[in-house]
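Everything below concerns the one structure shown next.
Just so it is clear, none of the values below were taken in a lab; they were calculated from the coordinates. These numbers were taken from a predicted model, which means no experiment stands behind them. Note that we place each Cβ from the backbone using ideal geometry, even for glycine, and neighbour counts take in every protein chain shown.
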Amino acid sequence: MKNKEIVSGVVGASFFAIGYLGLSVAIIPSLVIGAGAYVASELIMGDSKEKKYDFKEESLSKKIDSAKKSNKHISDMIKEIEDETVKKYLKNINSTTNKIINTIEKNNINNSTSNKFLDYYLPVCVNIIDRYDEIENQELTSKDSKKFMKNSAKMVEETSLAFRKILNSLYQNDIENNEAEMKVYNQMLKSDGYNSNDLVVKDGDDSNE
């Protein structure tokens with residue numbers, strides 16, 4: 001079982017690398033391609049007695065606990081990375097990831113966006129950071145190693161932007177609900193005879209100062 005998962009992980013990572021590093025596909029589509037390759041590999045190698053891979057198979061609380069550990073690892077890696085620009089984006093990723101995890105946990109969000117982030121985007125991000133640090137520590141000077149470092153740094157930058165979009169997406173429904181609530185609230189103020197600017201009661205009783 002473990003070997004099958006390792007192979008599937010390698011397949012998923014390979015498709016991700018081919019799309020992003022080889023074909024210069026944007027990071028989000030590349031991550032989706034990699035996730036699809038991982039799931040496809042799981043289904044192909046799994047036998048009829050095994051349960052098919054499901055993003056929602058593991059409980060949300062366990063996914064959140066795992067995500068917190070991953071984000072703690074990102075925080076620790078900031079101290080290890082030498083490139084100041086990469087460190088800056090890692091700090092952004094760490095801060096945004098913390099907000100995403102808190103939002104998911106606080107609102108008990110268990111949808112496609114939250115599951116993809118917890119199951120794939122965050123773990124792959126950690127792997128990218130680890131590989132970057134590993135190559136950086138070797139101080140290699142070959143053309144391929146320099147290209148890898150450059151592409152990885154760019155990937156970290158785009159991940160920072162992508163995670164902000166994920167956070168915005170998680171908040172979108174909450175924003176829409178709050179806007180609807182404010183409209184109802186405003187209508188109730190008007191119907192109860194309050195002026196929305198100074199909150200003065202129209203009949204003159206107990207005016208607020």
Run the numbers for ILE135 and LYS69: contour at 0.36 nm per residue of separation, minus the present Cα-Cα distance, in nm. 21.5 nm
Listing TYR132, TYR185 by rising number of other beta-carbon atoms within 10 angstrom, fewest first, gives TYR185, TYR132
Quick one: ASP133, ASP174, fewest Cβ neighbours within 10 Å first, how do they rank? ASP174, ASP133
Which value, in Å³ per residue, describes the convex hull spanned by the Cα atoms of the range 58-191? 118
